[in-house]
Amino acid sequence: MSETPMTPERLAEIAARANAATRGPWCTDDWEIYHGLEYVPGMSLWIGETCTGTGTPERDRANATFMAAARTDVPDLLADNDRLRARVAELESQREADHATWRHDLRKAQDEREAKDSRISELEAGIAWRDAERARWMGVHDIVERAIDKGWSSVDTLDLEDALGAETGGAE
């Protein structure tokens with residue numbers, strides 16, 4: 001028995017032989033093969049005989065039974081082979097469609113993740129800017145609080161510019 005799947009040509013050869021043979025079912029009287037469901041002496045159409053004497057009588061009977069059953073088994077197996085091959089083709093087609101869907105869904109998920117990562121970066125930059133602004137204005141707040149605590153009526157502009165990080169505009 002071969003591990004290699006049968007080619008369509010080989011299956012067609014088997015089908016042609018099965019179709020050319022006397023229609024089934026066939027039966028046996030232990031050594032000879034007849035047309036019909038069971039052997040009826042003098043009534044059943046003789047198909048052929050098995051080679052006897054090649055082994056034990058049990059083996060000869062088993063061979064005849066196998067040959068008689070092959071007439072209906074072979075077409076049944078060919079039909080089942082066709083059914084299974086059609087199912088395999090259907091599943092392969094479905095797998096390809098599923099893979100296309102999965103690839104599309106994966107790309108969409110990757111795009112969504114990239115968009116979310118970009119948004120996270122924007123928000124993190126906004127938080128960093130806010131924290132820097134907060135620190136600048138806290139510096140101004142501290143200067144004003146110190147002036148109030150000391151009773152000053154004004155604050156030094158240079159101190160405010162330093163707290164705000166402003167350019168002095170002076171020549172160096």
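The values are calculated or read from the model by the stated rules, or taken from the named source; none is laboratory data. As the structure is a prediction and not an experimental result, all values here were calculated from the model. For neighbour counting, all protein chains shown are included, and Cβ atoms are generated from backbone atoms with ideal geometry for every residue, glycine included.
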Cβ-Cβ under 6 Å pairs, at least 6 apart or on other chains, the range 26-47 side over 19 Å from N63 (Cβ atoms), far side at pLDDT 90 or above and part of a loop (DSSP other than H, G, I, E, B): L37/P25
Do any strands (runs of 3 or more DSSP E) entirely within the range 1-78 hold 3 or more residues that are surrounded by 15 or more Cβ atoms within 10 Å (Cβ to Cβ) and not charged (D, E, K, R), and if so, which? 26-28, 32-35
Pair list, Cβ under 9 Å, 6 or more apart: the range 155-171 residue surrounded by fewer than 13 Cβ atoms within 10 Å (Cβ to Cβ), other residue at pLDDT below 60 and of a type outside the set (F, W, Y): L158/T168
Scanning for something surrounded by 10 or more Cβ atoms within 10 Å (Cβ to Cβ) and either within 29 Å of N19 (Cα to Cα) or in contact with a Gly (Cβ under 8 Å, 6 or more places away or on another chain) (or both), does the range 94-101 turn up at least one residue? no
Considering every residue within the range 105-115, establish whether at least one is surrounded by 10 or more Cβ atoms within 10 Å (Cβ to Cβ), of a type outside the set (S, T, Y) and closer than 30 Å to L11 by Cβ. no
